[in-house]
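Data first, discussion second: the structure below is written as C-alpha cells.
Any read-out appearing in this document is the output of simple, stated calculations on the displayed coordinates, not a laboratory observation. It should be emphasised that the depicted structure is a prediction, and the values quoted were computed from it without experimental measurement. In this analysis, Cβ positions are derived from the backbone assuming ideal geometry, glycine residues included, and neighbour counts consider all displayed protein chains.
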Amino acid sequence: MRTQRSVEGLRGWIRFFAWILMGCAALAQGSKTDYERALGLAGRTEDRVFRQRIHPEWLPGGTSFWYRVNTGPGARERVTRTGAPP
C-alpha cells in the first residue's frame, strides 16, 4: 500500500511539473507581430551590412591570398594579403 501511494504521489508531482513546463513554454512563444518583424529583418538590413565575410583565394606558393569584399551597394574591393614565408 505504501509503495502504491508513493508511486501515485510521484505521478502527481510529475503531472504538476509537466503543467508548469508547458505553461512556461507557452509564455516563451513570440507573438504574431514578433514573427512578422523577424521576417522583415532581411529587407531592413539589405545593403547596410558590408565586409561581413570573406572567402580567401590562396595564390601559388601558399604565402599570400586575395579576397573580394562588398564595400557598399553595388561596390566591391579586391584585397591582396601577403604573409611571411614558411
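The condition (being of a type in the set (D, E, K, R) and surrounded by 10 or more Cβ atoms within 10 Å (Cβ to Cβ)) is satisfied by just one residue among Glu36, Glu46: Glu36. Looking at the range 58-70, which of its residues are surrounded by 10 or more Cβ atoms within 10 Å (Cβ to Cβ) and of a type outside the set (S, T, N, Q)? Scanning the range 58-70 gives Trp58, Leu59, Gly62, Phe65, Trp66, Tyr67, Arg68, Val69. Output the residue which, of all residues in the range 32-54 that are within 18 Å of the chain's Cα centre (by Cα) and hydroxyl-bearing (Ser, Thr, Tyr), is farthest from Arg68 (Cα to Cα). Among those residues, the one meeting the criterion is Tyr35. Within the range 25-70, the set of residues being of a type in the set (Val, Ile, Thr) and either outside any loop (DSSP other than H, G, I, E, B) or more than 30 Å from Gly83 (Cα to Cα) (or both) comprises Thr33, Thr45, Val69.
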